[in-house]
Amino acid sequence: MADERQTRTEKLAEELADAILDGTLEPGCRLDELMLAERYGTSRTPVREALRQLATTGLIELRPRRGAVVTQVTSEQLETLFVAMGELEATCARLCALSMTPIERRRLEAMQEAMGELVARGDVAGYTAANTSFHTMLYAGAHNPVLSEMAIGLRRRLAPFRQAQFRASGRLARSHIEHGVVARAVLAGDAAGAHAAMLHHVSLVEDAFEQLKLQSGRAAGAAR
């Protein structure tokens, strides 16, 4: 039952995040727990938990007596977060090239191959989950608990934006190619190459999201 509720909460949080990112729920919009529960056919408990998750990403703010309110995430704020994420993940990749054990390297290689199959099938949900696992492997492979904890925390905050990128045309295949460059550098023990490849990858993740946001804005304008 707990796993089922967790899945329902995560799905609801993802749907609400998508609605915020595509402009359906605009900045300043108040998110009423009861109304959301009725709209999504669930109880208030998973709604409340989903809103708490979104609050950690900065997409909404939990205010006293007003409840949850959609916030305005500026391009400048987002760029700051992605720059920090890029530096953290690039450092993890560099340390992986130096510190990953043979078993960890084989697992990373196997994950990269499995993700290629997901791309071939066009399995966006499967690739999104595997993408998180791929990056988590790099955090663990750095063998630096402090760095890993920081990277995981920031990744959670950026999760809605990183997941949204896969709605952009062709992004799934490009992401896998970028991962391949990172993985090959790590497996070859090329610390500088792994660092540069990961920095480039995260910058393209941000670019893909910004492109998607621009396309969504144009579509919304045309609809009006």
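The values are calculated or read from the model by the stated rules, or taken from the named source; none is laboratory data. Owing to the predicted nature of the structure, the values given are computational and were not obtained by experimental measurement. Backbone-built Cβ (ideal geometry, glycine too); neighbour counts: all protein chains shown.
Contact map, region 26-52: residues that are surrounded by 16 or more Cβ atoms within 10 Å (Cβ to Cβ) paired with residues that are among the aromatic types (Phe, Trp, Tyr), Cβ distance under 8 Å, separation 6+ or inter-chain. Pairs shown: 47/40.
Taken over region 65-93, the criterion of being farther than 26 Å from residue 140 by Cβ, out of contact with any Phe, Trp or Tyr (no Cβ under 8 Å at 6 or more places or on another chain) and not hydroxyl-bearing (Ser, Thr, Tyr) is satisfied by 65, 66, 67, 68, 69, 70, 72, 73, 76, 77, 79. Is one or more of the residues making up region 89-97 assigned to a helix (DSSP H, G or I), at pLDDT 85 or above, over 17 Å from residue 158 (Cα atoms) and not assigned by TED's automatic domain parsing to the domain that holds residue 157? Within region 89-97, not a single residue is assigned to a helix (DSSP H, G or I), at pLDDT 85 or above, over 17 Å from residue 158 (Cα atoms) and not assigned by TED's automatic domain parsing to the domain that holds residue 157.
Would you be able to say whether some residue in region 152-163 is within 19 Å of residue 104 (Cα to Cα), outside the structural domain of residue 14 (by TED's automatic domain parsing) and either at pLDDT 90 or above or of a type in the set (A, V, I, L, M, F, W, C) (or both)? Checked against the condition, which is being within 19 Å of residue 104 (Cα to Cα), outside the structural domain of residue 14 (by TED's automatic domain parsing) and either at pLDDT 90 or above or of a type in the set (A, V, I, L, M, F, W, C) (or both), region 152-163 yields at least one hit.
Quick check on region 57-64. Is at least one of its residues in a helix (DSSP H, G or I) and either surrounded by 14 or more Cβ atoms within 10 Å (Cβ to Cβ) or out of contact with any Pro (no Cβ under 8 Å at 6 or more places or on another chain) (or both)? If you could, list the steps in order and put the result at the bottom.
To start, the set of residues in region 57-64 that are in a helix (DSSP H, G or I) comprises 57.
With either surrounded by 14 or more Cβ atoms within 10 Å (Cβ to Cβ) or out of contact with any Pro (no Cβ under 8 Å at 6 or more places or on another chain) (or both) added as a condition, the list becomes 57.
Among the residues of region 57-64, at least one is in a helix (DSSP H, G or I) and either surrounded by 14 or more Cβ atoms within 10 Å (Cβ to Cβ) or out of contact with any Pro (no Cβ under 8 Å at 6 or more places or on another chain) (or both), which makes the answer yes.
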